[in-house]
1. With respect to the numbered conditions (1) at pLDDT 70 or above; (2) open to solvent by less than 90 Å² (accessible area, probe 1.4 Å); (3) in a loop (DSSP other than H, G, I, E, B), which one is the sole condition not fulfilled by residue 42?
2. How many of the residues making up region 50-76 are at pLDDT 80 or above and open to solvent by less than 100 Å² (accessible area, probe 1.4 Å)?
3. Given (1) open to solvent by 90 Å² or more (accessible area, probe 1.4 Å); (2) modelled with pLDDT under 70, identify the lone condition not met by residue 28.
4. Can you tell me which residue in region 10-25 is modelled with the lowest pLDDT, limited to those that are open to solvent by less than 100 Å² (accessible area, probe 1.4 Å) and not hydroxyl-bearing (Ser, Thr, Tyr)?
Amino acid sequence: MKIAKTFFLVLFITLINVSSVLAGPNPPAPTARAAAGPPPPPDSPIDQNLIILLVVAVFFGMYTIYKYNLIKKASI
């Protein structure tokens, strides 16, 4: 019975999502300005402050491993 409930729940959610996507309005026709293409992106490099992000990620990983080992030792 649990499988049937799960199946009908998934089917219902899928049908709700599909109906909301299909009910969307048609996009407007492109204008002359839009046909020329989008404007170029601003000059902002993605790799700005990547070193800081890497250092924070390493420290967070070390903290997570340390906390996991403390919990593991306490449970034994």
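The values are calculated or read from the model by the stated rules, or taken from the named source; none is laboratory data. Just so it is clear, the model here is predicted, and its values are computed rather than measured. SASA here: full protein model, heavy atoms, side chains in, ligands and nucleic acids out. Shrake-Rupley method; radii C 1.70, N 1.55, O 1.52, S 1.80 Å.
1. Checking residue 42 against (1) at pLDDT 70 or above; (2) open to solvent by less than 90 Å² (accessible area, probe 1.4 Å); (3) in a loop (DSSP other than H, G, I, E, B), the one that fails is (2).
2. The qualifying residues number 10.
3. For residue 28, the failing item is (2).
4. Taking region 10-25 first, the residues open to solvent by less than 100 Å² (accessible area, probe 1.4 Å) are 10-11, 13-14, 16-20, 23-24.
When the remaining residues are screened for being not hydroxyl-bearing (Ser, Thr, Tyr), the result is 10-11, 13, 16-18, 23-24.
Details: 10: 90, 11: 88, 13: 88, 16: 83, 17: 80, 18: 76, 23: 66, 24: 69.
Per the stated criteria, the residue is 23.
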